[in-house]
Structure formats: structure tokens, C-alpha cells
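Asker: The structure is given below, and queries will be raised subsequently.
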Amino acid sequence: MDPQNDWPEKWFYFNEDWCRRNTGKWFGLKPGVTSMGIGELDFPPHPGVLKRIYSDLHNIGTGYPEDRGLDRTIQAIASFQKQIFSHELTLDELVIVPRVTFAIEAVISAILSDGGEVVVIGNPVYGRFYDIISRFSKNVSVVQFSRIADKLALDMASLEQAISSRTKVIFICNPHNPTGYCLSQKEIESIGKLAKLYDALILSDEIYGCLDLSGKFVPSFKIMKRMGVRCVALSSFGKAFAVNGFQGGYMMSDPDTINRIHSFFKRPVFATSRLTQLSMEGCVDCAKDWLTHLRPVLYNNRNYLHELLAEIDILDLILPDAGYSTWIHVRKSGDNSDVSEQISDTLNIQLGSGKYFWPKTNNHIRINFGTSKENLMGKVKSIHDYFVNQYFPKRR
């Protein structure tokens, strides 16, 4: 089987034989340690991505890229948004960006150039996001989610209390990182009403949107455009299509807001590698095929993980609506040691640590289930047995 030319059946392509071990999430680990914490799929990308690069690189050349992106790439992304989310975009509402985190920094710095505060929805917050935002705003308010069983909901009372006339940006991570929670359309509309009332910009990271496992995800810009609310939504193909190494992403917003951000820098700021833009086009080419095969794998992996670890009394699990990570609170008293480090030392499994999210804690872990069923079953069973033996829960 040639992975460059033949797209195998999902049961074959997503099994242990095809799992890769040569990406950034594996670098720096001791021999024999399995990485199950960083947000990256273990699977190689669809061969259609590489085919697009091989076949078209000579057509677009290797010169400096345009600041807003190639017209053909922008058109491909508009087609993707329409196909996957029924989201109609005009070409002047899209900009290609070199990285989503870079775009967040650019938007925050432009909007807060004359001062103002930021409200962040969702706790915990991905550490990189919090670091960027807090660098440009002295006052950052973080709004909690309410917890109902293994699900979350937006605490509207807390949000209304956090927003004021000083608020310039409301930052959303939707689907949320690290919990995987998708805001409902009603919640997004409620946020939009407050943003409109205080003339605040909504900045939304939506990287995991196309890996919706619950049917809940709705693009923020799609709703805000209808409501007449200023919004910048950011996404990319890296996390969902196993092409993190190409980096790159895209911004969706109204032309006036896009021009304001560009004029603030007074120079090209978003120029993105043409090779990266080709990889985006390749992802669009294979999007329907890739997502049709991948989503059931992630759905079944998520359910297996939750069904097994739900037996452990001291673990509070959040069932993610989207993505391929599960966020877990480990309830233990009198012990402030890092749970992820304990598991790594004992089981040779590297999980995500709560210390990489704000507020930094040692009693939270993140498990990546974007791997083969064979790998997941063996490792999660080991984690299950570790907690049974270590913390004496109800079932042993």
C-alpha cells in the first residue's frame, strides 16, 4: 500500500501500524515514553494534501507571498466554510495568517492600542493565549463555566458582571481548549448582545470546530455578522488535518475590521508561505473524505476513554463536544505533586499537565485520544489501573 497514492479504508489507516512517532509531540521524550498530552493527531495526513503540494508548487512559485494570501487559497477556504458549516463568506472577509497565535497577538495589539480591557470566556485558559492577552492588557477578567454533571455551560451572570464600558475585546475559545466545550448558538448570541451593548470586539479561536463530535459547533462570525457585531474568528487546518508542521491559519472578519488591523501595522504583517497555503488547499480537497473517516474514530475513542475512567471516584471528567482531548480534574487531598509527572514516571505515558493552562494547577491532566484504538486501549487501561491502585476509589 502506497500512502501517497492510495487512500486506505479507515480501519487500516487509523490503526497502530499507521501511527507516526516523528512529530513535535514526541521530541524530547525518553525512549519508551508515549506522548498523550499535546494537541496533535498521531495519524499521517490525507495523501491528498501532499498531492496538491507536489502537483501545484511549480505553478505558484516560491517568491514572497501576498499579505492577505493567494486568491485561490482564499477561495478554497471560503468553499470549505460553506461545505462544512454552511457558512457563506465573501472573499474580502478572509485573510490567510502565518499562525493563529500570531493573529491573536496582532488583533489584540491593534484593538488595544489606545488602552482597554479583555474578558476571556472559559476557565481554564490555554496558557499561550493567556500570556498573549495579559501582555497587552493590564486587566484580564476570566469568566467561569458552570458545571452540570460531565458537561459545561456559560455562566451568564458572571459574564455580565465581568463586562463593562472598559471592555474592548471578548475572547472566546470555541471549541474550548482544553475542555472541548462548544458554546451553544444561544450562548453565542448572548455574548453578541453584550458585545454590541458595550461596543466590544469578539475574538474567537475556532481551531477544533470541524472536529465537532456533538453537532453543537456554530461559527461565531456567522452569527455575529447577522447580529451586526464586530467579530474576528480564527481557525486553521493543522490540528484537525494532521498538518501542524505547515502552520498557517485564516482570519474571518468584516472588511473594515480587517483593514483597521492592517492599517495599524502600516506594513505587510500576515504574509504566509505559499507552501503553507498549498497545504491548506490540499486539506480542502480531501476535507469531506478525511472528516467522514476521522470523526467516528475520535468519537469512539472518546467514549471508550470516558466509560473506563468514569469508574474512578476521584476523577472529574469533562466530556468534550469537539476535538480529541479530555480534561480531567484529579481530586486528591494533601498532595500538591504534579499528577502528569507521577504518571510519566510510573507508566512512561506523558499526559498534558494543568501547569500549562491558566490558572496553573498540578491536579489537572489532559489526555489526547487522537491516536489508534490499539494504542488508546492499552494506555488508558494502564492509567485506570494506576488510579485504582494509587488512590483507592470505589471500584478496585
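Asker: Among SER146, SER113, SER109, SER141, which is surrounded by fewer than 18 Cβ atoms within 10 Å (Cβ to Cβ), under 18 Å from ASP199 (Cβ atoms) and either within 16 Å of the chain's Cα centre (by Cα) or in the same structural domain as HIS176 (by TED's automatic domain parsing) (or both)?
Answerer: Details: SER146 fails: under 18 Å from ASP199 (Cβ atoms); SER109 fails: under 18 Å from ASP199 (Cβ atoms); SER141 fails: surrounded by fewer than 18 Cβ atoms within 10 Å (Cβ to Cβ).
Residue meeting the stated conditions: SER113.
Asker: Within the range 295-308, identify whether any single residue is closer than 26 Å to TRP26 by Cα and more than 23 Å from the chain's Cα centre (by Cα), and answer yes or no.
Answerer: First, the residues of the range 295-308 that are closer than 26 Å to TRP26 by Cα: 295-306, 308.
The next check asks that each one be more than 23 Å from the chain's Cα centre (by Cα); those that pass are 308.
Yes - at least one qualifying residue is present in the range 295-308.
Asker: Being within 21 Å of LEU152 (Cβ to Cβ), assigned by TED's automatic domain parsing to the domain that holds THR90 and not in a loop (DSSP other than H, G, I, E, B) narrows it down to one of LEU234, LEU203, so name that one.
Answerer: Criteria check complete, one pass: LEU203.
Asker: Which count do you get for residues in the range 175-200 that are part of a helix (DSSP H, G or I) and in contact with a helix residue (DSSP H, G or I) (Cβ under 9 Å, 6 or more places away or on another chain)? First the steps, then the outcome.
Answerer: Filtering the range 175-200 down to residues part of a helix (DSSP H, G or I) leaves 185-198.
Then drop every residue that is not in contact with a helix residue (DSSP H, G or I) (Cβ under 9 Å, 6 or more places away or on another chain), which leaves 185, 187-196.
Adding up the residues that qualify gives 11.
Asker: Looking at (1) free of Cβ contacts under 8 Å to residues at least 60 places away in the same chain; (2) closer than 19 Å to ARG20 by Cα, which is the only condition ASN303 fails?
Answerer: (2)
Asker: To continue, here is another question. Kindly provide the set of residues from the range 180-201 that are of a type in the set (S, T, N, Q) and surrounded by 15 or more Cβ atoms within 10 Å (Cβ to Cβ), ordered by number.
Answerer: SER184, SER190
Asker: Can we say ILE312 is assigned to a loop (DSSP other than H, G, I, E, B) and surrounded by 16 or more Cβ atoms within 10 Å (Cβ to Cβ)? Break it down stepwise before answering.
Answerer: Values: assigned to a loop (DSSP other than H, G, I, E, B): yes; surrounded by 16 or more Cβ atoms within 10 Å (Cβ to Cβ): yes.
Spelling it out, ILE312 is indeed assigned to a loop (DSSP other than H, G, I, E, B) and surrounded by 16 or more Cβ atoms within 10 Å (Cβ to Cβ).
Asker: In this structure, is PHE145 among the hydrophobic types (A, V, I, L, M, F, W, C) and modelled with pLDDT under 95?
Answerer: When the stated conditions are applied, PHE145 passes them.
Asker: Something else now. Only one of these is touching an Asp or Glu at 6+ places or on another chain (Cβ under 6 Å) and either of a type in the set (Lys, Arg) or at negative phi (or both): SER190, SER204, SER214. Name it.
Answerer: SER214
Asker: How do the pairs read when you match residues in the range 274-290 that are more than 23 Å from PRO65 (Cβ to Cβ) with residues anywhere that are in a helix (DSSP H, G or I) and acidic (Asp, Glu), using Cβ under 7 Å and keeping only pairs 6 or more apart or on different chains?
Answerer: Listed pairs, sorted by first residue: none to list.
The values are calculated or read from the model by the stated rules, or taken from the named source; none is laboratory data. Predicted model only: the values in this text are computed from it and were never measured. Methodologically, a virtual Cβ is constructed for each residue, glycine included, from the backbone with ideal geometry; neighbour enumeration extends over all protein chains shown.
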